[in-house]
Amino acid sequence: MTRMVHAESVAEKSASSIPPSRAWLVVLAACAGQFLVVLDVSVVNVALPSMRTDLGLSATGLQWVLNAYTIAFAGFMLLGGRAADLFGRKRMFLLGLGLFTAASVGGGLAQEGWQLVAARAVQGLGAAVLAPATLTIVTVAVPAGPARTRAIGTWTAVGAAGGAAGGFVGGALVDLLSWRWVLLINVPVGALVLVGAAVWLRESRADGVGRRLDLPGAVLVTAGLASVAYGVVQTEEAGWGDPVTLAPLLGGLALLAVFVAVEARTAAPLVPLKVFRSRVVAAANVAMFVCASTSFSMWFFMTVYAQNVLGYTPLLAGLALVPSSVSVLVASKLAPRLMPTTGARNLAVLGALVAATGFGWQSTMTVDGTFLTIILGPGILMMVGMGLLITPLATLATSSAAPAEAGLVSGLVNTSRTMGGALGLSVLSTVAASRTSGATTPEALTEGYALAFRTASGVLMAGALLMLLWLPRPERTREG
C-alpha cells in the first residue's frame, strides 16, 4: 500500500511538472495517434469494391482486408500496453506509429491481394503497440481531477470521431482520388504526428517494475485473443456452429484459461491478476466490452443501409453520418462537465439508455425512409449516448490503476472496446443474416438491419443494468 501511494505521488508530481500548454500539446499528439488507429477500423469499408476490382480479390480475400487489421489489433493490445509500462510510453508510441505509417505505405502501393492483407495485419500490430500508450500518455500528462477527466473526454471524443469519420473520409477519398488513398492518407498525417510526438512527449515508464517481459504470458494471451478474434470473424461466412468457427473459438478460450493459470504463478506477470480485484476496473471493462459491441455495428449498418437500400453514393452516405459524428464529439466533451454533478456511474447508465433509445428508433427503418427520421434523428441519439457512456467508463477504469499498471489498464480498456466491437459486429451481422435468409432485396435487407438494431438496443439496456448493479455508487467511486 505504501509503495502504491508513493508511486501515485510520483506520478502526480510528474504530471504537475508539465506546463498546462505543453500538457495539452501532449494530449493532442496522443489523440491524433488514437484517431488514426480507430479510423482504420472502418475507413476501408467503402473502398472494398474498388479494391476487389483493382486487385482481383476473392470474397474471402476481401473479408481479410478488414479482418487482418482487427485480429492483429485485438490480439497484441495487452502486450502493447505492458510494453509501454516496461520500456517507455513515448518509445512505444513512436514505434507503433512508425510501424503503422510504414504499413500504410505498403498497403497503398500493394499490387497483389496478399500484399494488401499483409500490410493491414502489420498496421494492426502497429495500432496495438500505439493505442494503449495513447491513453496512458494522456493520464500521465494531466494531473488527476477535472483536468484529467476533460483530457480523457477529449481522447474519447477523438477516438469516437475516428470510427465515425471512417465512412465519410473513405467515401471522399475513393470518389475524388482512388482506394489507395484510403491508406496513403495515413502517411503524411502519421509523419506529422511522429514529429510532434518526438518533440512534445516526455518519456515515462512504470517505477519499481523490472524490465523483463513475461514472454510465456505474452505468447498465450496474444495467441488466445487472436484465435478468438479469428473465430469471431469466421462467423460471417461459416456461422457459429461450423467447426471452422468453433475450433479457433474454443482453442482461443483454452489458451486464455492457460494464460490465467500461468499469470497466477509467475513472479512478474504480464497481467497481474490483482488488477481485477478492483471492482471499478473489472466492472468498467466488462461494461465497455458490452456497450462497444453495439457501436462498431452502428456505423457499418447505417452505411450499408444508406447505400444498399436508400441508394446513396459512398460519399453521400458518409456525409449523411456527419451529424452523428459531430454528436459523439459534443457528447464526449460534455461528459466531463456532467460527471461532477451526476457521478460517473450514473452518467454511464444514462448514456447507455439514451443510446438504446436511438437504436430502438433506428429499428423502425423502412425501405423509403427519409433522412430526417431514419438517419439523422436516431443517429444523433445513438452517438450522444455513446459519447456520454465511454468517457466515464474510461475515467473510472484508469483512475483506479496504480502508475505501474497504467499502460496495462489502458490496454485492457482498448482491448475491451476493440474485442467488444469486433464480436458485436459479427453477432449482429449473423442476426441480420438470419432474418434475410440470403435475400438481397431492399425489403429483406431492411428487415435484417432492423432486427440487428433492435438486438443492439436490448444489449445496451442490459449494459445499463449491469453498470447500475456492479459499478460502485458515486460516493464510493474513488475508493475503487
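Quick look at the numbers
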{"quantity": "Every pair of residues 6+ apart whose Cβ atoms lie under 8 Å, when the first sits in segment 67-90 and is part of a helix (DSSP H, G or I) while the second is among the aromatic types (Phe, Trp, Tyr)", "calculated": "67/230; 71/230; 84/93"}
{"quantity": "Residues of segment 102-148 classified as closer than 17 Å to residue 185 by Cβ and among the small types (Gly, Ala, Ser), total", "calculated": "10"}
{"quantity": "Residue match in segment 243-252 (condition: in contact (Cβ under 8 Å) with a residue 24 or more places away in the chain and over 30 Å from residue 378 (Cα atoms))", "calculated": "yes"}
{"quantity": "Within segment 277-306, tally of residues that are in contact with a helix residue (DSSP H, G or I) (Cβ under 8 Å, 6 or more places away or on another chain), open to solvent by 50 Å² or more (accessible area, probe 1.4 Å) and at pLDDT below 85", "calculated": "2"}
{"quantity": "Subset of segment 266-318 (residues that are outside any helix (DSSP H, G or I), under 30 Å from residue 377 (Cβ atoms) and among the small types (Gly, Ala, Ser))", "calculated": "311"}
{"quantity": "Qualifying position, being open to solvent by 30 Å² or more (accessible area, probe 1.4 Å) and in contact (Cβ under 8 Å) with a residue 24 or more places away in the chain, among 129, 142, 138, 122", "calculated": "122"}
{"quantity": "Any chance residue 223 is in contact with a helix residue (DSSP H, G or I) (Cβ under 8 Å, 6 or more places away or on another chain), modelled with pLDDT of 85 or more and among the small types (Gly, Ala, Ser)", "calculated": "yes"}
{"quantity": "Of all residues making up segment 167-178, the number that are modelled with pLDDT of 75 or more, small (Gly, Ala, Ser) and in a helix (DSSP H, G or I)", "calculated": "3"}
{"quantity": "Criterion (modelled with pLDDT of 80 or more and crowded, with 24+ Cβ neighbours inside 10 Å) met by exactly one of 408, 393, 376, 425", "calculated": "393"}
{"quantity": "Positions within segment 328-344 being crowded, with 16+ Cβ neighbours inside 10 Å and either among the small types (Gly, Ala, Ser) or within 17 Å of residue 148 (Cβ to Cβ) (or both), in sequence order", "calculated": "331, 332, 333, 334, 335, 336, 338, 339, 343, 344"}
{"quantity": "Residue among 446, 455 that is farther than 24 Å from residue 395 by Cβ, more than 24 Å from the chain's Cα centre (by Cα), modelled with pLDDT of 85 or more and among the hydroxyl-bearing types (Ser, Thr, Tyr)", "calculated": "446"}
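The values are calculated or read from the model by the stated rules, or taken from the named source; none is laboratory data. From a predicted model like this one, the values you see are computed outputs, not experimental measurements. As a convention, Cβ positions derive from the backbone with ideal geometry for all residues, glycine included, and neighbour counts pool all protein chains shown. SASA here: full protein model, heavy atoms, side chains in, ligands and nucleic acids out. Shrake-Rupley method; radii C 1.70, N 1.55, O 1.52, S 1.80 Å.
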